[in-house]
1. Just the residues that are touching a helix residue (DSSP H, G or I) at 6+ places or on another chain (Cβ under 7 Å) and modelled with pLDDT of 95 or more, please, taken from the range 120-135.
2. Does residue 13 fit the bill of being modelled with pLDDT under 90, part of a helix (DSSP H, G or I) and surrounded by 10 or more Cβ atoms within 10 Å (Cβ to Cβ)?
3. How many residues are under 15 Å from the mean Cα position of the chain (by Cα) and loosely packed, with under 10 Cβ neighbours inside 10 Å when one looks only at the range 22-45?
4. In the range 64-77, what residues are surrounded by 15 or more Cβ atoms within 10 Å (Cβ to Cβ) and either in contact with a strand residue (DSSP E or B) (Cβ under 6 Å, 6 or more places away or on another chain) or in a helix (DSSP H, G or I) (or both)?
5. If residue 97 passes every condition in (1) in contact (Cβ under 8 Å) with a residue 24 or more places away in the chain; (2) under 18 Å from residue 146 (Cα atoms); (3) in contact with a helix residue (DSSP H, G or I) (Cβ under 9 Å, 6 or more places away or on another chain) but one, which one does it miss?
6. Out of curiosity, is residue 112 more than 18 Å from the chain's Cα centre (by Cα) and touching a residue at least 60 places away in the same chain (Cβ under 8 Å)?
7. If only one of 82, 142 is touching a residue at least 24 places away in the same chain (Cβ under 8 Å), surrounded by 15 or more Cβ atoms within 10 Å (Cβ to Cβ), farther than 18 Å from residue 45 by Cα and more than 15 Å from the chain's Cα centre (by Cα), which one is it?
8. Can you pull out every residue in the range 85-115 that is at positive phi and buried (at least 18 other Cβ atoms within 10 Å of the Cβ)?
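The values are calculated or read from the model by the stated rules, or taken from the named source; none is laboratory data. These numbers come from a predicted model, not from an experiment. All Cβ positions, glycine included, derive from the backbone under ideal geometry; neighbour counts span all protein chains shown.
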């Protein structure tokens, strides 16, 4: 075999190898992207879940001390507490907050705060698995002050 035939054989083999690499990448690309976007989406979901839990804890603290930024009482005070909770957690109108109450006396009364928010995805790549997920947190606390706010019958969205 001459030198020119050998170089042609190597070039032809390299082109076939290049095609094989492309096929191998096509096979591995989907699992790679699923892992990459899965890490991103689940990290984002964890962060949003922490925000919901934080909002429920903040709301629980505000109702326990009978938070009153003004002289408002009843449903108006409840709306002010809801607005403060939503502001502290940076919530949008898709977040709902509900305040429940068992007794209104300090020391014996209990309040429950429920915060819910639909999961907001970044890439929509895992929508078949994460679509429709609602993040929720419920915190119950003992009232430290007599409650003058009114409990909610249904969850109300953030203003």
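1. 135
2. yes
3. Looking only at that region, the number is 0.
4. 64, 77 - these are the residues of the range 64-77 that are surrounded by 15 or more Cβ atoms within 10 Å (Cβ to Cβ) and either in contact with a strand residue (DSSP E or B) (Cβ under 6 Å, 6 or more places away or on another chain) or in a helix (DSSP H, G or I) (or both).
5. So the condition that residue 97 fails would be (2).
6. No: the conditions fail for residue 112.
7. Step by step, each of 82, 142 is checked, and only 82 is touching a residue at least 24 places away in the same chain (Cβ under 8 Å), surrounded by 15 or more Cβ atoms within 10 Å (Cβ to Cβ), farther than 18 Å from residue 45 by Cα and more than 15 Å from the chain's Cα centre (by Cα).
8. Once the filter is applied, which keeps residues that are at positive phi and buried (at least 18 other Cβ atoms within 10 Å of the Cβ), the range 85-115 yields nothing.
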